[in-house]
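Inspection log for the structure reproduced underneath, given as structure tokens.
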Amino acid sequence: MKTEYKLVFILFVMAFSTVFLLYAVVSNDSGQFSGGAPVIPTADDIGKTVYVEGTVLSKRSTYQGEHLIVNIECSDRTILMVFVSKSVGAASVSQKINVNDFVGIQGTVQEYNGTLEIVLKNESQFLKLK
């Protein structure tokens, strides 16, 4: 009888450990805002996830109409391009924002045709602040 309790305990610990590890992996890259002060990305930030804030200057669909490109102006007058793919929710983001909206964006810094851009992994990384 004592062996059965040990086996049940070991199975419980294994199941709990698996759930905990899965939670840690998923929550670490969930695409949700992680907080922190907004930054102006530089070439040193390529590949890193950053948080930026700015005013929407323009929004447009790509030539095939599936993806969204938003230009925002940051507090220091830097203009950043934000890329929202169709699979992330480009249509939904486009409906939620307008020119002159103040937005917060968390995404990965990438370089496209020599220009830095912010790429979203999740629709919830684009937040209308004002």
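Where a number appears in this text, it was derived from the coordinates with a stated rule and is not lab data. Since the model is a prediction, treat every value here as computed from it, not as a measurement. Note that we place each Cβ from the backbone using ideal geometry, even for glycine, and neighbour counts take in every protein chain shown.
Arrange 16, 102, 126 by Cβ neighbour counts within 10 Å, fewest through most, would you?
Ranked by crowding around the Cβ, least crowded first: 16, 102, 126.
Relative to the first principal axis of the alpha-carbon coordinates of the chain, what is the inclination of helix 2-28, with its axis defined by its Cα atoms, in degrees from 0 to 90 and to the nearest 10?
Helix 2-28 and the main axis of the chain meet at about 0 degrees.
Per residue of the chain, what 222 nm ellipticity follows from adding -39500 (n - 2.57) for every DSSP H run with n ≥ 4, rounded to the nearest 500?
-9000 deg cm²/dmol
Can you pull out the GluC sites (Glu not before Pro) in segment 56-114 that DSSP calls coil and that have at most 15 other Cβ atoms within 10 Å?
Of the GluC sites (Glu not before Pro), the ones in loops of segment 56-114 whose Cβ has at most 15 other Cβ atoms within 10 Å are 66.
Sort 2, 86, 48, 59 so that the residue with the fewest other Cβ atoms within 10 Å of its own Cβ comes first and the one with the most comes last.
Going from least to most buried by this count: 2, 48, 86, 59.
Calculate the translational D of the chain in whole µm² s⁻¹ from Stokes-Einstein, where the hydrodynamic radius comes from the Kirkwood formula applied to all Cα pairs, the temperature is 20 °C and the viscosity 1.002 mPa s.
129 µm²/s
Have a look at 92, 58, 17 and tell me which one the Gaussian network model of the chain (Cα, springs below 10 Å) gives the largest fluctuation.
Of the options given, 17 has the highest mean-square fluctuation.
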